[in-house]
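Structure first, commentary second.
The values are calculated or read from the model by the stated rules, or taken from the named source; none is laboratory data. Just so it is clear, the structure is predicted and the values come from calculations on it, not from any experiment. Ideal geometry is used to build each Cβ from the backbone, glycine not excepted, and the neighbour counts take in all protein chains shown. All accessible areas refer to the heavy atoms of the entire protein, side chains included, with ligands and DNA or RNA removed. Shrake-Rupley method; radii C 1.70, N 1.55, O 1.52, S 1.80 Å.
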There are 2 protein chains.
Amino acid sequence: MKVILATDLIGVNTAKGEHNRDFLDKYGILTINMISSPGAGKTTLLEVIMKALKDKYNFGVIEGDLYTSRDARRLLDHARAVVQINTCGICHLNAEMVARALEGMPLDSLDIIIIENVGNLVCPAAFYLGETCKMAVLSVPEGSDKPAKYPELFKEARTVVINKSDLLPYTDFDLPGCIKELREINPEAEIFVVSARTGEGVENLLGWLEERVKRVSPVD
Amino acid sequence: MKVILATDLIGVNTAKGEHNRDFLDKYGILTINMISSPGAGKTTLLEVIMKALKDKYNFGVIEGDLYTSRDARRLLDHARAVVQINTCGICHLNAEMVARALEGMPLDSLDIIIIENVGNLVCPAAFYLGETCKMAVLSVPEGSDKPAKYPELFKEARTVVINKSDLLPYTDFDLPGCIKELREINPEAEIFVVSARTGEGVENLLGWLEERVKRVSPVD
């Protein structure tokens with residue numbers, strides 16, 4: 001039997017996240033914590049966003065994965081810096097991991113950092129990383145009942161992206177019903193319906209992102 | 001600061017899981033721990049399986065969800081007994097929760113218990129519940145890279161169901177590549193490609209299930 005001193009782990013993480021926040025604020029970097037189920041299309045969405053905006057803004061990416069670096073490699077062409085965090089089986093990123101990733105990034109040349117969290121709709125929502133805001137990504141084939149079934153994330157997200165809208169004709173996804181439930185859970189969230197694959201609806205999301213980055217930029 | 005005595009939590013869970021296993025063995029009940037991402041189609045697959053086999057076998061269902069009982073209600077018509085476990089935010093079922101659920105079930109009249117775990121591709125794989133075997137469900141729109149990215153579950157699963165095959169024409173899913181990677185991770189797993197929605201491929205999965213239930217049945 002081991003005896004350990006258990007302090008408030010979530011509290012320790014939050015404090016560390018606030019430290020990250022202060023640090024990122026000094027550089028005026030918009031930081032987005034992107035959370036979804038496995039396979040909701042976070043990496044493809046990121047590729048599309050960065051491809052469209054990389055000539056205007058410098059992107060950094062912190063890529064959370066259990067083991068592989070496949071997703072990070074997909075993003076190298078579009079970002080100024082990509083740091084891979086392999087959690088070795090841990091189901092979420094925490095603020096300490098992000099702090100270490102930030103040490104390796106050229107912060108004074110970045111405008112936006114996107115943190116692609118481990119694919120998991122439950123655990124990552126509980127760990128504040130120092131982000132400006134959370135972006136929840138829900139994909140159409142997962143089903144329109146997911147916000148009600150996994151409310152923590154959808155309550156906290158500043159924006160919800162409903163991705164893979166190109167699959168709407170082939171699934172039972174109830175788009176008005178889903179948006180209605182999202183509004184009940186989180187009346188403030190901005191909701192975008194997009195297909196990262198076809199580009200449908202992405203323009204509005206890019207507009208939101210540009211507006212956000214201007215708001216945190218130190219030169220404004 | 002709280003001081004707690006931390007024993008080996010995974011070890012304690014495994015011991016409790018073995019207790020469940022012994023208990024279920026006495027009744028000759030095939031018990032399947034079904035694990036997937038949110039929205040991979042576990043509940044729909046369960047409906048299809050039970051609808052096809054409910055006249056031959058008596059099903060019990062243990063339904064794990066963070067908060068809601070939506071899925072459990074969908075299954076009431078087809079099962080002899082459905083027990084809902086709301087984990088209240090906890091990202092997986094554990095053996096203690098299952099032990100309590102079993103107390104409420106008419107075990108001497110059941111042939112098969114299916115445990116539908118919380119939708120999460122990471123955490124549930126680490127918690128043995130006393131199941132005869134794990135069934136991993138991967139849905140086509142999640143992408144063919146998921147077994148390599150989330151290997152714990154796919155290593156442990158006795159069977160892998162690739163669901164939503166009706167969406168193959170509308171996605172980039174690389175079916176031969178996915179099966180090849182699955183075979184590398186887990187050469188023993190039986191793999192079924194199905195669409196719970198259209199019924200395609202379900203027959204083979206039902207055959208496997210019938211063969212398994214005969215193997216554990218006390219009367220054989």
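Things to note:
- Extreme residue, positive dipole direction of segment B:56-211, given options B:ASN58, B:ASN186, B:PRO141 (C-beta unit charges): B:PRO141
- Expected 222 nm ellipticity per residue - DSSP helices of 4 or more, -39500 (n - 2.57), all of chain A, to 500: -11000 deg cm²/dmol
- Accessible area buried between chains B and A, both sides summed, probe 1.4 Å, in Å² to nearest 100: 3500 Å²
- At 7 Å out from Cα toward Cβ: B:GLU96 inter-copy label distances (nm, ascending): 2.4
- In nanometres and ascending order, the distances from the A:LEU206 label point to those of the other copies are 5.0 (point 7 Å from Cα along Cα→Cβ).
- Neighbourhood net charge (11 Å Cβ-Cβ; Lys/Arg +1, Asp/Glu -1) for A:ALA126: -2
- With protein chains left intact and a 1.4 Å probe, residues in segment A:10-215 average 38 Å² of accessible area per residue.
- Å³ per residue enclosed by the Cα convex hull of segment B:10-215: 113 Å³
- Residues whose placed amide H lies under 5 Å from that of B:ILE85, excluding near-sequence neighbours: B:GLU63, B:GLY64, B:ASP65
- Taking only the C-alpha atoms of segment A:111-178, Rg followed by Dmax gives 12.9, 39 Å.
- Computed from phi, the 3J(HN,Hα) profile of segment B:174-188 under the Karplus parametrisation 6.51, -1.76, 1.60 (θ = phi - 60°) reads 9, 5, x, x, 5, 5, 4, 5, 4, 5, 5, 6, 8, x, 8 Hz, with x in place of Gly and Pro.
- Between B:LEU138 and B:VAL161, B:ILE162, B:ASN163, the built amide H atoms are under 5 Å apart, and every one of these is 5 or more places off in sequence or on another chain.
- Taking all protein chains as they are arranged and a probe of 1.4 Å, the heavy atoms of B:VAL48 leave approximately 40 Å² accessible to solvent.
- By accessible area, using a 1.4 Å probe on protein heavy atoms only, segment A:155-195 has 50% of its surface on carbon and sulfur.
- Relative contact order for chain A, counting Cα pairs under 8 Å that sit 6 or more residues apart, in percent: 25 percent
- Point-charge dipole on Cβ atoms (K/R +1, D/E -1) for chain A, about Cα centre, debye to 20: 320 debye
- Take each residue of peptide A:101-108, count the partner chain Cβ atoms within 10 Å of its Cβ, and average: the result is 0.
- Each of the peptides B:16-22, A:164-170 was scored by the mean count of other Cβ atoms within 10 Å over its residues; in descending order, highest first, they stand as A:164-170, B:16-22.
- Cα lying deepest toward the dipole's positive end in segment B:10-215, options B:PHE23, B:THR198, B:LEU167, charges on Cβ: B:PHE23
- Inter-chain neighbour count for B:119-128: the average number of beta-carbon atoms from partner chains within 10 Å of each residue's beta-carbon is 5.
- For B:THR31, nonlocal amide neighbours, meaning residues 5 or more places apart or on other chains whose placed amide H falls under 5 Å from its own, are B:ILE113, B:THR132, B:CYS133.
- Legend: mean number of C-beta atoms from other chains within 10 angstrom of residue C-beta atoms, peptide A:33-39, equals 6.
- The average projected area of the protein assembly as shown, computed from the convex hull of its Cα atoms over all directions, is 21.6 nm².
- Copy-to-copy label distances for A:ILE10, where each label lies 7 Å from Cα along Cα-to-Cβ, are 2.4 nm in order of increasing length.
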